[in-house]
Amino acid sequence: MPVSTLNPHAIRGMITRLHDPDYSRWAAQIRATNGCRQPIHLRGRVDHIDRATGELLHRYTTRTEPGGVLRVPCKTRRASRCPACAETYRADTYQLIRAGLVGGKGVPASVTAHPCLFVTLTAPSFGAVHTRREKDGKVLPCHARRNAPTCPHGRAMSCTARHGTEETRLGEPLCADCYDYAGSVLFNALAPQLWRYFTDALRRRVAKAAGLTLRELRAQATIAFAKVAEYQRRGVVHFHAVIRLDGPDGPASPPPAWASADVLADAVRHAASAVSVTTPATADEPACVLRWGTQLDVHPITLDGDLTDQAVAGYIAKYATKAAECVGTLDRRINPLDDLSALPLREHARRLIAECFRLGALDELTDLRLVQWAHMLGFRGHFSTRSRGYSTTLGDIRADRTTYARNEEITTGRLPLFDEDTVLVIAEWEYAGKGHSLGDALLAAALTGTALPTSVTRDGGEGR
Ligand SMILES: [Zn+2]
Ligand SMILES: [Zn+2]
Ligand SMILES: [Zn+2]
């Protein structure tokens, strides 16, 4: 337990809560949030009304709850904000990705026979960065160059260090003044568009390989995607994706006879090298053409080979709960008026953020919303996305869990089981704050067996 959280104020808060006549009700709410670190406070009511007679069968109101609010999980996917809810998100994402590989959750097991690849699309280089390289289990020097050239800033473009896995220098440029910060930020901003162009090009290429038009392809096959964005240490996103070839009606229909993992892999390589996005020209900078990096990994996913369905699902689910904070930025929006040098940022991240502010102020680039997304180093896409037809949806998985948990649903109380066709449910909710007081946070961690936060965000919640 960090000493700083156990101050007299926190202890007083705990004692007050423990002596509160509503304590057991509060504890029940907290247990129902499964250890959420920053539960949302809701004020409102749920009425169950008989559709035929208009009779009010049951009313739940937060008026009688501790503090007049219901505390519900924040449901964030970001582990840096709430480890408990991020873990739920990770587990759901795992189930969903895995269902698309081996079946389950409404996807037939025959999907395992469909051509399926695990593909990593990287960003190009924006300048040499410190890197940990390994070969045959041995760590190699970072950038060992005989007679390394000196850059215009007088720095030797060489580094002979064998970097450790956790060194903070990893991902930092050899010369920050030479590094193409504009290129890096613009790549992040345009990566979702580059991905869309890639998927279009992939469909065209598969059609061509089969000697079909796009329309004819649609009658024979569909291509399903599930992808996740990952930040490399240098602060640029790359994508990991599951790409699967199905029959015309999705995972339940068999792919045509010509479809194979090789046909799909060739088309992926071709499409990845064919597409580009052009950045808008500005008064200061000419338009520039951005493409995927030369490093492209394409692996077939098999049930028993090197790359199994569990490995892929685990990998994608893990990255689905991460964001840019692992590269030394903040996990919240940054006000352009903030003094960047006063924020706890890594120098490389600080320069990327400053570049977002600089470019975001240019008229030609306003559509990229770089100022709003500066803390994400320019990336404003979704972290994990799936095409329709990949497998079930997160919403369906959540609904499964909600239905399962309904008998103990906190808002229905002791309501007898009712038939949804005959009962009308009217819910009215308003947001009334978020988070725990210091004392509540300590009690909540003890009640739910979760780790204590190193710092507690809000004293008494941040709501009204
Ligand atoms: Zn949470
Ligand atoms: Zn180095
Ligand atoms: Zn330089």
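Of the solvent-accessible surface of region 252-319, computed with a 1.4 Å probe over protein heavy atoms with every protein chain present, carbon and sulfur atoms account for 53 percent. Per residue, the solvent-accessible area of the chain (1.4 Å probe, heavy atoms of protein chains only, all protein chains present) comes to 51 Å². Around the amide H of residue 143, modelled in the peptide plane, lie the amide H atoms of 159, 160, 161, all under 5 Å away and 5 or more residues distant in sequence or on another chain.
Compute the long axis of helix 261-274 from its Cα atoms, compare it with the longest principal axis of the Cα atoms of the chain, and write down the angle in degrees, 0 to 90, nearest 10. Taking the Cα atoms of the chain, the angle to 261-274 is about 70 degrees. Here the chain is assigned +1 on the Cβ of each Lys and Arg and -1 on the Cβ of each Asp and Glu. Its dipole about the Cα centre then comes out at about 740 debye.
Close amide-amide hydrogen proximity is noted between residue 34 and no other residue 5 or more places distant or on a separate chain, at a cut-off under 5 Å (H modeled in the peptide plane; Pro and chain starts excluded). In this structure, the residue pairs whose Cα-Cα separation is over 26 Å, taken from 75/322; 75/227; 105/318; 105/208, are 105/208. Peptide packing for 113-123, 194-204 was compared via the average number of neighbouring C-beta atoms within 10 Å per residue; ordered from the highest value, the list is 113-123, 194-204. Net charge of the neighbourhood of residue 222, taken over other residues with C-beta under 11 Å away and scored Lys/Arg +1, Asp/Glu -1, is +2.
Mind running the shape call on the chain? Use the C-alpha gyration tensor, a ≥ b ≥ c as the square roots of the eigenvalues: rounded below 1.5 for a/c, prolate if a/b tops b/c, oblate otherwise. Oblate.
Annotation: amide H-H contacts under 5 Å for residue 222 (H modelled 1.01 Å from N, sequence separation of 5 or more, or interchain): 246, 247, 250.
Under the convention that each Lys and Arg Cβ holds +1 and each Asp and Glu Cβ holds -1, the size of the dipole of region 286-368 around its Cα centre is about 240 debye.
Were the residues from residue 307 through residue 146 laid out at 0.36 nm apart, the gain over their Cα-Cα distance would be 54.2 nm. Distance between the pseudo-spin-label points of residue 429 and residue 296 (7 Å out from Cα toward the beta carbon): 4.4 nm.
Couplings 3J(HN,Hα) for region 67-73, derived from phi with the Karplus relation 6.51 cos²θ - 1.76 cosθ + 1.60 (θ = phi - 60°), are x, x, 9, 9, 9, 10, x Hz, where x marks Gly and Pro.
Among 7, 294, 429, whose Cα projects farthest towards the positive end of the dipole of the chain, with charges put on the beta-carbon of Lys, Arg (+1) and Asp, Glu (-1)? Ranked along the dipole, the leading option is 294.
The packing ranking of peptides 178-185, 332-339, 219-226, highest mean first, is 178-185, 219-226, 332-339, where packing means the average number of other beta carbon atoms within 10 angstrom of each residue.
Could you calculate the FRET efficiency of residue 269 with residue 157 from 1/(1 + (r/R0)^6), where r is the beta carbon distance between them and R0 is 22 Å, rounded to 0.05? Efficiency at R0 = 22 Å is approximately 0.10. Once the Cα atoms are used to define both axes, helix 181-209 deviates from the longest principal axis of the chain by about 80 degrees. Full extension of the chain between residue 213 and residue 341 gives 40.5 nm of extra length, using 0.36 nm per residue less the Cα-Cα distance.
Between helix 8-19 and the chain there is an angle of about 50 degrees, using the helix long axis and the longest principal axis of the Cα atoms.
Sequence-ordered 3J(HN,Hα) estimates for region 110-122 from the Karplus curve with 6.51, -1.76 and 1.60 and θ = phi - 60° stand at 4, 4, 4, 7, 7, x, 8, 10, 10, 10, 10, 10, 9 Hz, glycine and proline given as x. From helices alone, the chain scores -10000 deg cm²/dmol at 222 nm; the rule is -39500 (n - 2.57) for each run of n ≥ 4 DSSP H residues, then divide by the residue total. Ordering 16, 124, 70 by the projection of their Cα atoms onto the charge dipole of the chain, which places +1 on the Cβ of Lys and Arg and -1 on the Cβ of Asp and Glu, puts 124 at the extreme positive end.
The charge dipole of region 171-226, taken about its Cα centre with unit charges on the Cβ of Lys, Arg, Asp and Glu (plus for the first two, minus for the last two), comes to roughly 660 debye. Sequence-ordered 3J(HN,Hα) estimates for region 334-346 from the Karplus curve with 6.51, -1.76 and 1.60 and θ = phi - 60° stand at 10, 6, x, 7, 5, 7, 4, 6, 8, 8, x, 10, 6 Hz, glycine and proline given as x.
With r as the distance between the Cβ atoms of residue 398 and residue 110 and R0 = 25 Å, compute the FRET efficiency 1/(1 + (r/R0)^6) and round to 0.05.
0.45
Say a paramagnetic label sat at a point 7 Å from the Cα of residue 16, along Cα to Cβ; which residues of region 423-447 have their backbone N under 20 Å from it? Hits in region 423-447 for residue 16 at 20 Å: 432-447.
The values are calculated or read from the model by the stated rules, or taken from the named source; none is laboratory data. Only a predicted model underlies this, so the values are computations on that prediction, with no experimental measurement involved. Because the Cβ atoms are built from the backbone with ideal geometry, glycine has one as well, and the counts that use them run over all protein chains shown. Areas reflect the complete protein model, heavy atoms only, side chains present, ligands, DNA and RNA absent. Shrake-Rupley method; radii C 1.70, N 1.55, O 1.52, S 1.80 Å.
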